[in-house]
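Below you'll find the structure, written out as structure tokens, and then a few comments.
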Amino acid sequence: MWDKKYNLIDEEPVFNLAYERIFDPETRQTEVRAHRADGTERWVYRNLFDDNNRLVKREMQGGEWEVYTYMADGKTATMRQQFANSDLSIGHLYRYDDNQRLIAKEYFVIRGDSIPESGEGNIEEFDYDDQNRLVESRYYDPNFGFVLQGRITYEYY
């Protein structure tokens with residue numbers, strides 16, 4: 001599966017980047033590659049799954065990785081991003097509502113192995129309509145006091 005991205009130059013679309021998504025026989029996305037217009041590969045990440053088909057690790061070029069842990073009810077509890085050659089990592093706590101919908105992703109910084117029980121602030125928030133469809137997501141920048149960085153609204157036809 002390919003997703004192609006274009007830049008607008010003089011209001012004309014010019015091919016910029018294509019994402020190649022690779023799936024295994026169980027239809028799990030196992031790898032994503034980004035290719036530039038000149039055909040060179042920009043970056044790659046690989047997904048690893050446990051025996052329950054849950055994403056447990058994402059490996060990226062350059063030695064960085066993300067690890068996912070789950071609560072007993074199957075919800076994602078934390079995501080931890082480890083930087084190459086560093087004991088510093090960034091984590092996210094995922095919060096769900098009573099309808100099992102993701103409503104926020106909290107940000108935290110980890111040194112060593114201790115994971116806090118609450119984050120420093122939300123970096124993403126999600127709103128749903130009465131049909132449980134995502135209608136808005138908001139993104140906040142943790143580097144500048146969690147100010148609103150962007151908003152995406154979804155419409156369904």
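Quick note: the coordinates plus some simple rules give every number you see, no bench work behind them. In this text, all values refer to a predicted model and were calculated from it rather than measured experimentally. Virtual Cβ from ideal backbone geometry, glycine too; neighbours counted across all protein chains shown.
Structural remarks
- Once backbone amide H atoms are built at 1.01 Å from N, PHE146 has ASP141 as its partners under 5 Å, excluding neighbours fewer than 5 places away on the same chain.
- Here the extension length gained between ARG54 and ASN132 equals 25.8 nm, from 0.36 nm per residue of separation less the Cα-Cα distance.
- Taken along the Cα-to-beta-carbon direction at a fixed 7 Å, the label points for GLU26 and VAL109 span 3.7 nm.
- Calculated FRET efficiency, THR69 to ASN143, Cβ-Cβ distance, R0 = 25 Å: about 0.50 to the nearest 0.05.
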